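Structure record follows, encoded as structure tokens.
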Amino acid sequence: MRRMPSVQCLTEDLATFAAAADAWLRREPVLHNVLLTLVADRLSGDVPLSGDERFVRVVDGATVGAAVHTPPRGPLLGAVSAAATRALAEHFVRAVPPLVEVHGPVPAVVGFAERYAQHADRIAVPGTAQRIFQLDAVRPPVGVPGRARPATAADRDLLIAWSAAYGAETMPDGPPVDAAGQIGARLPYGDLLWLWEQAGTPVSTAWLSRPVAGVVRISGVYTPPQWRGHGYASGCVAHVSQYALDAGAAACALYTDLANPTSNRIYQALGYRPLADAAQWRFAGP
């Protein structure tokens with residue numbers, strides 16, 4: 001009799017996945033913050049379900065891994081073992097049309113990319129390399145002119161334009177970035193979108209996620225070119241990080257592009273410590 005593999009992947013609805021995978025995800029609350037936030041935002045309705053999402057839990061008796069696929073982006077993996085990585089790669093070969101990419105912590109994403117490419121007859125190409133940082137105490141910069149304030153509905157168009165400019169600058173070959181939905185979902189909370197102002201003029205921005213498992217993630221950090229070199233982003237990130245900690249977060253997290261040594265240096269100066277590396281791999285035809 002043929003034995004069933006001990007490691008298996010289960011595709012589940014959102015509520016089932018959230019209940020069953022939550023404890024495993026929370027073992028690494030900083031490393032899994034994006035996954036936890038993806039689930040929490042959809043449970044709350046802040047991000048409506050499209051119907052194309054795939055919530056995949058890896059089991060070997062108990063839960064040993066998880067991944068969430070939100071097309072058109074590729075799957076986002078948790079920090080899974082080599083056996084779980086193999087199972088996920090083979091699952092996505094069978095379950096969906098050819099993937100264009102995969103995201104996740106190294107080495108899981110590397111193992112997934114190699115095995116998926118082998119079984120799907122694709123070519124795996126390394127893409128963006130990132131580093132995940134965490135912080136539990138802020139070292140604020142000194143002498144940055146200006147102040148931080150929460151964004152309001154009057155700032156919506158500015159934030160959308162800055163987000164599009166950031167996308168065009170960092171991903172020139174990618175599709176145009178439309179962050180209107182994300183910004184619209186955050187604005188009603190009143191303290192998730194922030195601007196740094198100098199003499200009444202907005203010069204930089206940083207976004208916060210809602211806390212999940214005691215972790216708040218900083219993202220959307222952007223300073224228009226004409227305002228760079230004055231420390232505005234440092235001031236803004238330091239302020240929102242301290243704000244999150246004061247509001248009860250146990251830690252803050254953020255992702256940096258390893259191709260940008262300036263941002264990596266700036267965040268470490270504020271007290272952020274490297275936790276792990278993450279990556280995106282792309283898939284192309286043979």
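Let me confirm something: among T205, T256, which residue is surrounded by 17 or more Cβ atoms within 10 Å (Cβ to Cβ) and in contact with a Lys or Arg (Cβ under 6 Å, 6 or more places away or on another chain)? Step by step, each of T205, T256 is checked, and only T256 is surrounded by 17 or more Cβ atoms within 10 Å (Cβ to Cβ) and in contact with a Lys or Arg (Cβ under 6 Å, 6 or more places away or on another chain).
Output the residues belonging to the stretch 58-81 that are farther than 27 Å from P126 by Cβ, part of a strand (DSSP E or B) and not polar (S, T, N, Q). Once the filter is applied, which keeps residues that are farther than 27 Å from P126 by Cβ, part of a strand (DSSP E or B) and not polar (S, T, N, Q), the stretch 58-81 yields V59, D60, A62. Scanning the stretch 89-105 for residues that are in a loop (DSSP other than H, G, I, E, B) and buried (at least 21 other Cβ atoms within 10 Å of the Cβ) yields a single hit, L99. Do we have T16 as more than 25 Å from I132 (Cβ to Cβ) and part of a helix (DSSP H, G or I) here? For T16, the condition - more than 25 Å from I132 (Cβ to Cβ) and part of a helix (DSSP H, G or I) - is met.
Values quoted throughout were computed directly from the atomic coordinates according to the rules given, and no laboratory measurement underlies them. Given the structure is predicted, the values throughout are model-derived calculations rather than measurements. With ideal geometry, Cβ positions are generated from the backbone for all residues, glycine too; neighbour counts draw on all protein chains shown.
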